[in-house]
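Asker: Mind looking over this structure? Questions follow.
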């Protein structure tokens, strides 16, 4: 019985290699989306650091967001996707967006992100 159990067959190896290759390709396609998400997260943290307690207003916040998006060459999300809501102590800046990349033929991979930060007046 031990003589017959020699290991993986060539067909089994090819199936496993194809599966690993497809998953790896998906990860490579999604990598730029997650790098953009890290940029947006840093943008929100810097926005809070620079404007927290400095008498922020919506116009100043939107201008700062627009400048950061331009400097970092971020295409998605757009400046219009950022929502500034007035709260009791300041403003809540939030952005919810989806981005997609083509995967194979007419199949696309979609990732959705949500970020928010509260800025005190």
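Asker: So what's the Cα pair-distance distribution over the range 13-74, bin width 5 Å, in %?
Answerer: Each 5 Å bin holds this share of Cα pairs: 4, 15, 18, 15, 11, 8, 7, 7, 6, 5, 3, 2, 0.
Asker: What order do you get for 35, 44 when you list them from fewest to most C-beta neighbours inside 10 Å? Each step should come with its number before you reach the end.
Answerer: On the way: 35 9, 44 20.
By the 10 Å Cβ count, ascending: 35, 44.
Asker: Calculate how steeply helix 10-51 sits against the longest principal axis of the alpha-carbon atoms of the chain, using the helix alpha-carbon long axis, and give the answer as 0 to 90 degrees to the nearest 10.
Answerer: For 10-51 against the chain, the angle is about 10 degrees.
Asker: At what distance in nm do the modelled label points of residue 80 and residue 42 sit from each other, each positioned 7 Å from its Cα along Cα→Cβ?
Answerer: It is 2.8 nm.
Asker: Next up: Using alpha carbons only, how many degrees (0 to 90, rounded to 10) separate the axis of helix 58-71 from the longest principal axis of the chain?
Answerer: Relative to the chain, helix 58-71 is tipped by roughly 40 degrees.
Asker: Where the centre of each part is set by its Cα atoms, how far does the range 11-57 sit from the range 58-118, in angstrom?
Answerer: Here the two parts' Cα centres lie 14 Å apart.
Asker: Also, I was wondering about something else. How would 14, 33 line up from fewest to most surrounding beta-carbon atoms within 10 angstrom? Please report the intermediate quantities before stating the final value.
Answerer: On the way: 14 11, 33 17.
The fewest-first ordering by Cβ neighbours comes to 14, 33.
Asker: Under a point spin-label approximation (7 Å from Cα along Cα-to-Cβ), what is the residue 22-residue 118 distance to one decimal in nm?
Answerer: Result for the modelled spin labels: 4.5 nm.
Asker: Over all Cα pairs of the range 33-120, how is the pair count split among 5 Å bins, expressed in % and running from 0 up to the last occupied bin?
Answerer: Bins of 5 Å from zero give 3, 14, 26, 23, 15, 9, 5, 3, 2, 1, 0 percent of pairs.
Asker: In nm, to one decimal, how far is the residue 71 label point from the residue 100 one, both placed 7 Å along Cα→Cβ?
Answerer: 3.3
Asker: Another question, then. Please report 94, 114 as a ranked list, fewest other C-beta atoms within 10 angstrom at the top and most at the bottom.
Answerer: Working: 94 16, 114 8.
Going from least to most buried by this count: 114, 94.
Asker: For a paramagnetic label modelled at 7 Å from the Cα of residue 52 toward its Cβ, which residues of the range 85-121 fall within the zone defined by backbone nitrogen distances under 16 Å?
Answerer: So the set is 89-94, 116-121.
Asker: Per residue of the chain, what 222 nm ellipticity follows from adding -39500 (n - 2.57) for every DSSP H run with n ≥ 4, rounded to the nearest 500? Write down the numbers at each step before the final one.
Answerer: Numbers: 2 runs with 56 residues, N = 121.
It comes out at -16500 deg cm²/dmol, rounded to the nearest 500.
Where a number appears in this text, it was derived from the coordinates with a stated rule and is not lab data. This is a predicted model, so every value here is computed, not measured. We place every Cβ from the backbone using ideal geometry, glycine too, and count neighbours over all the protein chains shown.
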